[in-house]
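J.: Supplied in C-alpha cells, the structure appears directly below.
The values are calculated or read from the model by the stated rules, or taken from the named source; none is laboratory data. Bear in mind the structure is a predicted one, so any value in this text is a computation, not a measurement. Here the Cβ positions follow ideal geometry from the backbone for every residue, glycine too, while neighbour counts run over all protein chains shown.
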Amino acid sequence: MTSEIISDITEAEQGTSLWKDAWLRLRKNHLAIVGLVLLVALIIIALLTPWIAPYSYETQNLELGATPPSAQHWLGTDIFGRDLMTQIMYGGRVSLAVGFVATSVALLIGVTWGAIAGYVGGRVDAVMMRLVDIMYALPFMIFIVLLMVVFGRNMLLLFLAIGAVEWLTMARIMRSQVQSLRQQEFVEAAISLGLSPGKIIVRHLIPNALGPIIVYTTLTIPAVMLLEAFLSFLGLGIQPPKTSWGLLISYGAETMEEFPWLLIFPGLALSITLFSLNFLGDGLRDALDVRRSKD
Amino acid sequence: MALLEVNNLEVSFVTRMGTNKAVDGISFSVETGKITAIIGESGSGKSVACYSLLGLIPQPPGRVDGGTALFEGKDLLQASESELRKIRGRDVAMIFQDPMTCLNPFMTIGKQLMEPLLFHRDVTKAEAKARALQLLEEVGIRDPANTFDNYPHEFSGGMRQRVMIAMALINEPKLLIADEPTTALDVTIQAQILQLIADLQKNRDIGVIFISHDLAVVADIADQIVVMQQGKIVEAGDSDHIFHHAEHPYTQKLLAAIPGDSKQPEAHPETLIEVRNLCTWFGQGKDAEPVKAVDDVSFDIRRGEILGLVGESGSGKSTIGRSILRLVPVTSGHVNFDGTDLTQLEGGALKQMRRRMQMIFQDPFASLNPRMTVFDTLAEPLLLHGIENRKTVASGVLKLMDDVGLARNFVRKYPHEFSGGQRQRIAIGRALATRPEFVVADEPVSALDVTIQAQILDLMLDLGKEYGLTMLFVSHDLAVVRHLADRILVLYKGKVVEQGTGGELFEHPKEEYTRALLQSIPGRSLLD
C-alpha cells in the first residue's frame with residue numbers, strides 16, 4: 001500500500017507544473033528550438049565580443065576605405081576602413097541589450113500594472129489607467145529629449161526611457177485580459193479558498209493571460225531595437241564610434257548602391273534575431289496553451 | 001409516406017487517432033404533424049445524426065459512410081451543397097440550444113428575421129417585414145412593432161429563443177429540428193417554450209425532431225421517442241411505450257435518473273448559520289436605482305441539513321449563497337456562522353473562516369483554472385491552509401481523488417481533458433479539500449447530462465454524510481431539490497416567498513408562485 005502510494009507520488013510530482021509541461025511541449029517544436037538556439041548563440045557572441053572580436057571597434061583605416069568581404073575582413077569594411085564584422089558584433093551588444101532589457105522593463109511594469117488595475121477595478125483602476133493615458137499623450141520625442149537634457153546621455157537611461165514608453169501598451173493588454181478572466185468562476189473559487197489577491201494574480205490570472213502577452217513581447221523586442229536606431233540616428237542614443245545594428249543599417253542604407261554589404265550584413269543580423277524571436281514566441285504561446293497540443 | 005425517413009445512417013469522424021463511428025446505422029422516421037424526440041447523452045451521436053442530414057457537419061473530419069435520408073422522397077445525403085442550401089432554412093429549419101450565440105449581436109432582430117425570407121423567396125422588403133411582425137406575434141413576443149428594431153441583447157433568454165423560433169419558421173418549413181432548445185432556460189420559461197413548440201407544430205402541421213438529453217423534458221410533447229447510446233438506437237417507440245414499458249436497460253437507467261420522491265426530512269436541531277435581514281444590492285451608478293438581488297432575507301441553516309434554495313434566474317438565489325460566503329459585498333444584514341458574524345470579518349480572520357465554508361460552482365468548465373492540472377488544483381487549498389505540507393501534499397491529493405471517484409492516473413491532466421462529470425468531481429474535491437463544515441452548491445448538476453447528474457448527486461450525498469457537511473443547495477430544478485433537500489426555500493425577486501419540506505411544498509403549495517414553479521416541472525406526470 002505504502003509503496004504504491006509512493007510510486008504514484010513520484011509520478012504525480014513529475015511535470016505537474018505548467019512550466020515543466022510547457023518545456024516538454026516546446027522541445028517538440030523544432031522551429032522554436034532553432035530560434036532559441038540562435039538567440040542563445042547571439043547572446044553568447046555579444047557577451048564575449050570584447051575577447052573574440054577580430055579588431056577593435058575604434059580601429060580605422062582611412063586608406064583602405066570601404067572594401068567588399070575579403071580574407072582579412074570577412075564581412076568587408078566601411079568607408080572609414082573599419083571591420084564590419086567587429087562593428088556588427090559590438091552593435092549587437094547594444095541592440096540586444098536594448099531589446100531585451102527595455103522589453104523586460106516594459107514587461108515587468110506593464111504586466112504588474114495592468115494586472116493590478118484589472119483585478120482591483122473601480123477607482124484604483126480608473127486612476128491607474130488615467131496615468132497610462134496621460135503617459136500615452138506625452139509626445140515621446142519631447143519626453144526623451146527632456147530626459148537626455150536633464151540627465152545627460154547614457155545607455156541605462158536609454159533603456160529606461162524606451163521601457164517607460166513600451167509598457168503602456170502592455171499594461172492595456174494585460175488589463176483587458178485580466179478583466180475578462182476575473183469574471184470567470186475559477187477566480188471566484190480561488191477567492192473562496194481564501195487566496196490573497198497577489199496569489200490569485202500570480203497563480204491564476206497571469207498564466208491564463210500569457211498568450212497575447214508573449215505575442216506582444218515578441219513584437220516589442222524588434223520595435224524597441226528600431227526605436228533605438230531612430231533615436232541614435234537623431235543623435236539621442238548611441239554615438240559613434242560606438243554603434244548598434246540600427247545605426248549600421250541606417251548608414252548602410254545611405255550607401256546602399258555603392259557598398260551594398262554595409263546594408264546586407266547588419267540587416268541579416270537583425271533579421272536572424274527577429275525570425276528567431278518570432279519562432280520562439282509562437283512556440284512558447286503554443287506550448288503554454290495546454291489545450292492546443294495533446295500528447 | 002413519412003416526411004423524413006432515415007435508413008441505416010452511418011457517420012464517422014476520421015482523426016489521427018483513428019476512425020470514430022459517431023452514428024452507427026440508425027433508422028427512424030418523422031411524420032408530418034408529429035414530434036419525434038431523439039434522446040441521448042452528449043456523445044451519443046444524436047446531434048451529429050441530425051446535422052449530417054443537412055450537410056452541417058464539417059467534412060473532413062466528418063464523413064457520411066452510408067444510408068439514405070429521404071425527405072419527401074428526395075435523398076438528402078446525395079444532394080449537392082447548392083441543393084442543400086435551398087433546403088436548409090426553407091424546407092428544414094433548425095433551432096439551437098443557445099439563442100444568444102446564434103443571433104448576430106450587431107443586427108436588429110427584425111433584420112435577422114427578414115434575411116432568410118429575402119434570401120429564399122421573391123418578396124419585397126415591406127412584405128417581408130409584415131410577415132416577420134406576424135410571426136413575432138405568433139411566437140409570443142409582446143409588442144412586435146416596437147421591438148422589431150431591437151438588438152438581441154435587449155431580450156431575455158426566453159424571448160431570444162422565441163425570436164430564434166420565429167426565424168426558423170419564417171419560411172414555413174415542413175420539418176423543424178430543435179437541438180436542446182430549452183436546456184439553457186429556466187424551468188418556467190422552458191415550460192412556455194415547450195408549449196410554444198407543441199402549439200406551433202399542431203397549428204402548422206409540420207414535423208419536428210426534438211433533440212434532448214433529458215427524457216423528462218420531452219415527456220409531455222413527444223409522440224415518438226428514439227433513445228440513442230453510442231451512435232446506436234437502443235430503443236424506439238411511442239411515448240407511452242418508452243415511459244411505461246421500456247425494455248432496454250439504458251432507457252430504464254435514463255428513467256431512473258429522473259429524480260424521484262421527496263426526501264424524508266431528517267431532524268437537525270442545532271443551528272449552524274443564521275441569516276438575518278440580508279440585503280445585497282448592486283449599484284448602477286450614482287443616480288440609478290440599485291438592483292435588489294437579495295432583499296431583506298432571513299433564514300436559518302441547521303447543522304447537517306441540506307437546505308434547498310429554488311427560484312428562477314434573477315431571483316437572487318445564487319447571490320444569497322455568494323453573500324453568505326462573502327464572495328459579493330453585502331449591503332446590510334448579518335450572517336452568523338457558528339456564532340461569528342461573517343459580514344464583519346476581514347483579512348486573516350476571514351481567511352480562517354473560508355476554510356470552514358466552500359462553494360461548488362455550476363459550470364465545471366469555467367470553475368477550474370484551465371492551466372492547472374488536477375494536482376495543482378487540489379494541492380492549492382491543502383497547502384494554503386496548511387492541511388498538508390510539501391512532502392505530504394501528494395498523498396493528500398490522491399486521497400481526495402479517491403474520495404470523489406477520480407482515477408489516480410488522471411492527476412497530471414488538465415481540465416479540458418475531462419468530461420463535464422469528471423470536472424465537477426474535481427471541483428467537488430477542491431471544495432472538500434479544506435474539510436469545510438458548510439458548502440454552497442450552486443446548480444452543481446445543471447450543466448451535466450441526466451445520467452451524470454444522478455451520479456454527481458449521489459456522490460454529493462455520500463460525501464455529505466462522510467464529511468458531515470451542511471449544504472445550501474441552489475437550483476432552479478424543483479424536482480432535483482425535493483429529492484435532495486431536507487427543507488426548501490422558494491425565492492422570488494430577491495425575497496423568500498415560501499419555505500417548507502419537499503413534501504409540504506409539493507402537496508400543499510401556499511403561494512401562487514410556488515404553484516407556477518411546480519406546474520413548470522417537465523414531465524410532471526412522471527413524478528406522481
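J.: Hey, can you tell me all the residues within segment B:163-175 that are in contact with a Phe, Trp or Tyr (Cβ under 9 Å, 6 or more places away or on another chain) and crowded, with 24+ Cβ neighbours inside 10 Å?
T.: Of everything in segment B:163-175, those that are in contact with a Phe, Trp or Tyr (Cβ under 9 Å, 6 or more places away or on another chain) and crowded, with 24+ Cβ neighbours inside 10 Å turn out to be B:VAL163, B:MET164.
J.: Under 6 Å by Cβ, and 6 or more places apart or on different chains, what pairs join a residue from segment B:353-364 that is facing chain A (nearest Cβ under 7 Å) and farther than 19 Å from B:LEU272 by Cα with one that is part of a loop (DSSP other than H, G, I, E, B) and not polar (S, T, N, Q)?
T.: B:ASP363/B:ALA447
J.: Are there any pairs with C-beta distances below 6 angstrom linking a residue in segment A:14-28 that is closer than 20 Å to A:PHE279 by Cα to a residue that is of a type in the set (Gly, Ala, Ser) and modelled with pLDDT under 75, with the two at least 6 apart or on different chains, and if so which?
T.: Correct list of pairs: A:ASP21/A:GLY15; A:ARG25/A:SER293.
J.: Report whether or not B:ALA485 is under 23 Å from B:SER419 (Cβ atoms), touching a residue at least 12 places away in the same chain (Cβ under 8 Å) and surrounded by 16 or more Cβ atoms within 10 Å (Cβ to Cβ).
T.: Judged against the criteria, B:ALA485 is not a match.
J.: Next question, about the same structure. Exactly one condition in (1) in contact with a helix residue (DSSP H, G or I) (Cβ under 6 Å, 6 or more places away or on another chain); (2) assigned to a loop (DSSP other than H, G, I, E, B) is false for A:ILE214; which is it?
T.: With (1) in contact with a helix residue (DSSP H, G or I) (Cβ under 6 Å, 6 or more places away or on another chain); (2) assigned to a loop (DSSP other than H, G, I, E, B) applied to A:ILE214, the lone miss is (2).
Residue by residue, here is whether (1) closer than 25 Å to B:ARG355 by Cβ; (2) outside any helix (DSSP H, G or I); (3) among the polar types (S, T, N, Q); (4) within 14 Å of chain B (Cβ to nearest Cβ) holds:
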{"position": "A:GLN179", "(1), (2), (3), (4)": "no, no, yes, no"}
{"position": "A:GLY198", "(1), (2), (3), (4)": "yes, no, no, yes"}
{"position": "A:GLY235", "(1), (2), (3), (4)": "no, yes, no, no"}
{"position": "A:GLU257", "(1), (2), (3), (4)": "no, yes, no, no"}
{"position": "A:LEU262", "(1), (2), (3), (4)": "no, no, no, no"}
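J.: Run A:ARG172 past the list (1) within 12 Å of chain B (Cβ to nearest Cβ); (2) within 20 Å of the chain's Cα centre (by Cα); (3) among the basic types (Lys, Arg) and report the number of the one that doesn't hold.
T.: It fails just one condition, (1).
J.: Select, from B:GLN284, B:GLN362, B:GLN344, the only residue that is among the polar types (S, T, N, Q) and either within 21 Å of A:HIS204 (Cα to Cα) or at pLDDT 90 or above (or both).
T.: B:GLN362
J.: Is there a residue being under 16 Å from B:SER212 (Cα atoms), of a type outside the set (A, V, I, L, M), part of a loop (DSSP other than H, G, I, E, B) and modelled with pLDDT of 80 or more anywhere in segment B:43-57?
T.: Yes, segment B:43-57 contains a residue that is under 16 Å from B:SER212 (Cα atoms), of a type outside the set (A, V, I, L, M), part of a loop (DSSP other than H, G, I, E, B) and modelled with pLDDT of 80 or more.
J.: Any idea which residue in segment B:444-476 is nearest to the chain's Cα centre (by Cα), counting only those that are surrounded by fewer than 20 Cβ atoms within 10 Å (Cβ to Cβ) and acidic (Asp, Glu)?
T.: Looking at residues that are surrounded by fewer than 20 Cβ atoms within 10 Å (Cβ to Cβ) and acidic (Asp, Glu), I get B:ASP458.
J.: Identify, please: which residue in segment B:188-222 is farther than 20 Å from B:LEU169 by Cβ and among the acidic types (Asp, Glu) and is, among those, surrounded by the most Cβ atoms within 10 Å (Cβ to Cβ)?
T.: B:ASP214
J.: Right, another one. Quick check on my filter: what residues within segment A:54-99 are small (Gly, Ala, Ser), closer than 21 Å to A:GLU258 by Cβ and in contact (Cβ under 8 Å) with a residue 24 or more places away in the chain?
T.: Within segment A:54-99, A:ALA66, A:GLY76, A:GLY91 qualify.
J.: Here is a follow-up. Given the structure, is B:ILE177 in a strand (DSSP E or B) and closer than 23 Å to B:VAL450 by Cα?
T.: The answer is yes for B:ILE177.
J.: Does B:THR147 qualify as being closer than 20 Å to B:PRO522 by Cα and among the hydroxyl-bearing types (Ser, Thr, Tyr)?
T.: no
J.: Quick check, is B:LEU463 away from every other protein chain (no Cβ under 14 Å) and not aromatic (Phe, Trp, Tyr)?
T.: Answer is yes for this residue.
J.: So, one more: Looking at A:GLY252, is it at pLDDT below 85, assigned to a helix (DSSP H, G or I) and within 22 Å of A:ALA223 (Cβ to Cβ)?
T.: Answer is yes for this residue.
J.: (1) within 11 Å of chain A (Cβ to nearest Cβ); (2) surrounded by fewer than 24 Cβ atoms within 10 Å (Cβ to Cβ): which one isn't true of B:ASP403, the others all being true?
T.: (1)
J.: Within segment B:367-392, work out how many residues are surrounded by 18 or more Cβ atoms within 10 Å (Cβ to Cβ) and in contact with a Phe, Trp or Tyr (Cβ under 8 Å, 6 or more places away or on another chain).
T.: Matching residues across segment B:367-392 total 7.
J.: Which condition breaks for B:THR331 when tested against (1) farther than 30 Å from B:ALA267 by Cα; (2) at pLDDT below 85?
T.: If we test B:THR331 against (1) farther than 30 Å from B:ALA267 by Cα; (2) at pLDDT below 85, just (2) comes out false.
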